[in-house]
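The values are calculated or read from the model by the stated rules, or taken from the named source; none is laboratory data. In this text the structure is predicted, and so the values were computed from the model without any measurement. As a convention, Cβ positions derive from the backbone with ideal geometry for all residues, glycine included, and neighbour counts pool all protein chains shown.
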2 protein chains.
Amino acid sequence: MSKKRVAIIGAGPSGLAQLRAFEAAKKQGLEVPEVVCFEKQSNWGGMWNFSWRTGVGKYGEPAHGSMYKYLWSNGPKECLEFSDYSFDEHFKKPISSYPPRPVLFDYIQGRIKKNNVRDYIRFNTTVRWINYNEDTKKFKIVLDNLKIDKTYSEEFDYLVVASGHFSTPNMPYFTGIEEFTGQVMHAHDFRGADPYKDQNLLIIGSSYSAEDIGVQCHKHGAKSVTLSYRSKPIGVNWPEGITEVPLLKYFKGDTAFFKDGTSQKFDAVIMCTGYQHKFPFLPDELRLKTKNNLYPDHLYKGIFFNDTPNLIYLGMQDQYYTFNMFDAQAWVARDFIMDRYKIPTKAERRLDINKWLVENERLKSSHDHVDFQTAYIKELLALSDYPGFDVDKVAEMFKEWLKDKDENILTYRDKTFKSVVTGTMAETHHTEWMDELDDSKERYLFE
Amino acid sequence: MSKKRVAIIGAGPSGLAQLRAFEAAKKQGLEVPEVVCFEKQSNWGGMWNFSWRTGVGKYGEPAHGSMYKYLWSNGPKECLEFSDYSFDEHFKKPISSYPPRPVLFDYIQGRIKKNNVRDYIRFNTTVRWINYNEDTKKFKIVLDNLKIDKTYSEEFDYLVVASGHFSTPNMPYFTGIEEFTGQVMHAHDFRGADPYKDQNLLIIGSSYSAEDIGVQCHKHGAKSVTLSYRSKPIGVNWPEGITEVPLLKYFKGDTAFFKDGTSQKFDAVIMCTGYQHKFPFLPDELRLKTKNNLYPDHLYKGIFFNDTPNLIYLGMQDQYYTFNMFDAQAWVARDFIMDRYKIPTKAERRLDINKWLVENERLKSSHDHVDFQTAYIKELLALSDYPGFDVDKVAEMFKEWLKDKDENILTYRDKTFKSVVTGTMAETHHTEWMDELDDSKERYLFE
Ligand SMILES: Cc1cc2nc3c(=O)[nH]c(=O)nc-3n(C[C@H](O)[C@H](O)[C@H](O)COP(=O)(O)OP(=O)(O)OC[C@H]3O[C@@H](n4cnc5c(N)ncnc54)[C@H](O)[C@@H]3O)c2cc1C
Ligand SMILES: Cc1cc2nc3c(=O)[nH]c(=O)nc-3n(C[C@H](O)[C@H](O)[C@H](O)COP(=O)(O)OP(=O)(O)OC[C@H]3O[C@@H](n4cnc5c(N)ncnc54)[C@H](O)[C@@H]3O)c2cc1C
Ligand SMILES: NC(=O)c1ccc[n+]([C@@H]2O[C@H](COP(=O)([O-])OP(=O)(O)OC[C@H]3O[C@@H](n4cnc5c(N)ncnc54)[C@H](OP(=O)(O)O)[C@@H]3O)[C@@H](O)[C@H]2O)c1
Ligand SMILES: NC(=O)c1ccc[n+]([C@@H]2O[C@H](COP(=O)([O-])OP(=O)(O)OC[C@H]3O[C@@H](n4cnc5c(N)ncnc54)[C@H](OP(=O)(O)O)[C@@H]3O)[C@@H](O)[C@H]2O)c1
């Protein structure tokens, strides 16, 4: 009998977790299926693979990257640590709790370079379209080799969609925006604060992007930052130079008018209004349709598409937990594919999904959100041999992090936490975050 | 026997020309096939349908529009006039030779509103993927209804690709660009000069976009505009404030270093480096692969895909002629589809294509280019009943236009030309172009 074939879409943290999961099984001497990972970019790392390009990439595909210069982890690294590859193992010394993007990118690569998985990845290859054959239970995948401009197709028994969901902007319309005289862009196209020096900047949104882009522009010399919220303000203790106002109503020329009757002139607008889950390569009957939330419907254990469980989605949740959640998911997916983990009937799966959906509806505070995702991680960890870690301690760290941000949004990244994987206490960084304008790995690791 | 089915991709000037061609036949009492046009935007007009959005559209599809505020026709309208719907018929009075975008958009709509073709167009519908069945000779088209997020597929006997080719940026890399401190964008994302007021602007490229964006930014108050060319400078008589320099070598911080050893600090960079022909919805064997040029290979009469002639491409050439060329093409395509025009064997078609390719290779000056496309238009006009017009006169106008631009790039849009369709002499516009900052239809038609 020929080997089963598994296709993975995307070589970001989730897709790489899936590759790593199979490698781990192989190292245990198990026979693993044939795995191929398709990545439209020329390198791995997903979001963490920074690109200066906006709009479209070199080959005209929608640019994936939403990260920017001077981006630092916005949560403690101890909350995302791989439990099978610690920060200590990678950096050989304690580092601070909030590293910049290049340092986390290095860490992601470190684990994956230890294994020979690069050969499984076809880079510069976009997954263009997928057909599922109900009879043969196979996925026929149309691939587009961007470098040589050539399409072809292949068949697979399992499909793992790890294409991310913070890449396709959600961009609301506001009256007069087409006549606004300054630059208008979405956070997806933001590449760093430099162009906003000495400018009056308007940011729409009140979540992570709004907070971080606002603070970064403040740090790098914007004249003023105004955050405009729809549902509720971020409400932390803002420094002078950053203010929150209710939602924008309309623009007139260079002036924005807000719901509370106030108005102000701006030089530029950045819409931090979130992202759409977008799967242009999937037909209707396989397509996950959801908003950004902690438990998208239709996914059993948060990963198995209920109508067609040999279709697996990784990392589709809103994320407190990131790398370690993707790992926990990928290990379960692997065990299902390798017939080491069985799922119940469709109706039973539906009941389980519903249980989580009901629970999700009840959540009120940020603490509730953390507890909810913590419970989910615990459930996943129980299902595979992914090395367990003290999830409750991580949940505590998340709550401390929320408090730290509330108290001082400019200094929370100077705090340190203790690893649940190695017990190592993080180092205080050599420079306070507000004074550190260089985000390179060299500067970060400089002693 | 059931009617043949024709699919048109795109409701820009080319796709609308195709719809209009079938309507014209219907009005003559001929039986026409069933025609469906798919348009991913929510309105028709293609490039002329202005959108403030950049990057992706409302539903996360790559934004099509490359036009911007204050865009005026860059050639005399007398060179693009529909020969079956004159400017006189539409505006009921003479207008100037270089109208702004909203006025030309209005003109495009005028002809099409006279016919009930809107019903044939499925808006908010992206053509996602196409399979061609060699045996049945049918195209199976996968469609994505963006508004209700639903995919489906339908079969067609003919496929007309009218999706444009000035939408997917060609964005070269320059050393240091990822560290350049100002805004970097492609012309595709430029939406008007306002944000560049009092700025030092660097433009890469030496063709229409470079010229027009440079001049617009100068007109609207940029401090300086520097155009950097690869092959040769535009070389017109530039006003003070606009200069041309050889190609950029690299960036360092906010400074650009050029091939001639000079360097300068800039606030922003706009890459006017052209576009890619991109057909993500087509498999390899149907995909046109070409650079922007006056006679793309593989297209018989510039439209029939030689390997599969029931696949027709409209408007894929570089364009001196625009609306009237699309018309001439669409009429021939219609007659082929309706069996009123026969094409020779594949080998004979190849010979004909080669003849044009050889000719194209020989062209040297802009005048040669104009003459080449003029000869092509003449050939097309001889093949259908699209109303003939004096193409040689149009060629003369193009040459005058080239001279006008050479002499004074800031005043060439104040010149007037005589219609070859109606003989009407254009009016001088009420305001000189350099003083006219309002591009609205209302202001333009104000007396
Ligand atoms: C601005 C920003 C900042 C963030 N900061 C943090 C942070 O500080 N800490 C943290 O833990 N998390 C952060 N995140 C969350 C981040 O999304 C996750 O850390 C992680 O990158 C998600 O991994 P993923 O593999 O699921 O998706 P991604 O990292 O998005 O990777 C998906 C991959 O799929 C590829 N792909 C997509 N479509 C196709 C296709 N059709 N064919 C082939 N390949 C395709 C993409 O090119 C990409 O490489 C941030 C996110 C954003 C947007
Ligand atoms: C900045 C700029 C300025 C220009 N100025 C002039 C000018 O002054 N005078 C002039 O004569 N010409 C000008 N042009 C040239 C212009 O391209 C043509 O006038 C004309 O718009 C080409 O028509 P088209 O229908 O071939 O393509 P487009 O106008 O580009 O229309 C293509 C249509 O196809 C749709 N489409 C694409 N992909 C899909 C899909 N997968 N599914 C469904 N629909 C799809 C698009 O949404 C679009 O509506 C300009 C071009 C640019 C870029
Ligand atoms: N490392 C870092 O520093 C960093 C920086 C940026 C982002 N990130 C990560 O990136 C991911 C995405 O975060 P995000 O903030 O971009 O998205 P998000 O968390 O989904 O938040 C979307 C925001 O947009 C608002 N919004 C949506 N539609 C709107 C409308 N029509 N009008 C006004 N406001 C609207 C929402 O307001 P409502 O509350 O009213 O719905 C919400 O505030 C997260 O995982 C985050 O951790 C990390
Ligand atoms: N109505 C208007 O005012 C208006 C305004 C803008 C555009 N348009 C239309 O838009 C269409 C597209 O015009 P366009 O100017 O965008 O594209 P284009 O005519 O194809 O020109 C592309 C330009 O980019 C340069 N280029 C390409 N790759 C480069 C690289 N790696 N480095 C440096 N330079 C590079 C080319 O230089 P080389 O010469 O060296 O190849 C050329 O100058 C045309 O139909 C035009 O009429 C109209």
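Computed quantities for the displayed model
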{"item": "Residue ID - nearest to ligand 1 (Cβ to nearest atom), chosen from residues in the range B:281-326 that are in a helix (DSSP H, G or I) and away from chain A (no Cβ under 14 Å)", "result": "B:PHE326"}
{"item": "Meets criteria (free of Cβ contacts under 8 Å to residues at least 60 places away in the same chain and more than 18 Å from B:ILE213 (Cβ to Cβ)) for B:GLU427", "result": "no"}
{"item": "Filtered residues of the range B:61-88 (kept if of a type outside the set (S, T, N, Q) and in contact with a strand residue (DSSP E or B) (Cβ under 9 Å, 6 or more places away or on another chain))", "result": "B:GLU61, B:PRO62, B:ALA63, B:TYR70, B:LEU71, B:TRP72, B:GLU78"}
{"item": "Candidates A:GLY55, A:GLY110 - the one that is away from chain B (no Cβ under 14 Å) and either without any contact (Cβ under 8 Å) to a residue 40 or more places away in the chain or more than 14 Å from ligand 1 (Cβ to nearest atom) (or both)", "result": "A:GLY110"}
{"item": "Any hit, the range A:250-264, residues being within 14 Å of chain B (Cβ to nearest Cβ) and either among the polar types (S, T, N, Q) or within 16 Å of ligand 1 (Cβ to nearest atom) (or both)", "result": "yes"}
{"item": "Single residue of A:GLU61, A:GLU81, A:GLU134 found to be over 22 Å from A:MET397 (Cβ atoms), of a type in the set (Asp, Glu) and in contact (Cβ under 8 Å) with a residue 24 or more places away in the chain", "result": "A:GLU61"}
{"item": "Selected residue (only one of B:GLU348, B:GLU447, B:GLU396, B:GLU379 is in a loop (DSSP other than H, G, I, E, B) and acidic (Asp, Glu))", "result": "B:GLU447"}
{"item": "Identity of the residue in the range A:130-147, in a loop (DSSP other than H, G, I, E, B) and exposed (fewer than 11 other Cβ atoms within 10 Å of the Cβ), that ends up nearest to the other protein chains (Cβ to nearest Cβ)", "result": "A:GLU134"}
{"item": "Checklist (1) closer than 20 Å to B:TYR70 by Cα; (2) touching a Phe, Trp or Tyr at 6+ places or on another chain (Cβ under 6 Å); (3) away from chain A (no Cβ under 13 Å) applied to B:VAL245, failing item", "result": "(1)"}
{"item": "Test: residue in the range B:75-88 that is out of contact with any helix residue (DSSP H, G or I) (no Cβ under 8 Å at 6 or more places or on another chain) and in a helix (DSSP H, G or I)", "result": "yes"}
{"item": "Residues satisfying the stated conditions in the range B:172-205, i.e. under 20 Å from B:GLN276 (Cα atoms) and either within 16 Å of ligand 3 (Cβ to nearest atom) or assigned to a helix (DSSP H, G or I) (or both)", "result": "B:ALA187, B:HIS188, B:ASP189"}
{"item": "Qualifying positions in the range A:67-104 - within 10 Å of ligand 1 (Cβ to nearest atom), hydrophobic (A, V, I, L, M, F, W, C) and either within 14 Å of chain B (Cβ to nearest Cβ) or farther than 19 Å from A:ASP414 by Cα (or both)", "result": "A:MET67, A:LEU71"}
{"item": "Some residue of the range B:63-75 being more than 25 Å from B:VAL370 (Cβ to Cβ), basic (Lys, Arg), at pLDDT 95 or above and within 16 Å of ligand 3 (Cβ to nearest atom)", "result": "no"}
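Matching residues to (1) away from ligand 2 (no atom under 12 Å from the Cβ); (2) under 19 Å from B:ILE108 (Cβ atoms); (3) within 14 Å of another protein chain (Cβ to nearest Cβ):
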residue: B:ALA7; (1), (2), (3): no, no, no
residue: B:GLN18; (1), (2), (3): no, yes, no
residue: B:ALA21; (1), (2), (3): yes, yes, no
residue: B:ALA24; (1), (2), (3): yes, yes, no
residue: B:GLN28; (1), (2), (3): yes, no, no
residue: B:GLU31; (1), (2), (3): yes, no, no
residue: B:LYS40; (1), (2), (3): no, yes, yes
residue: B:MET47; (1), (2), (3): no, yes, no
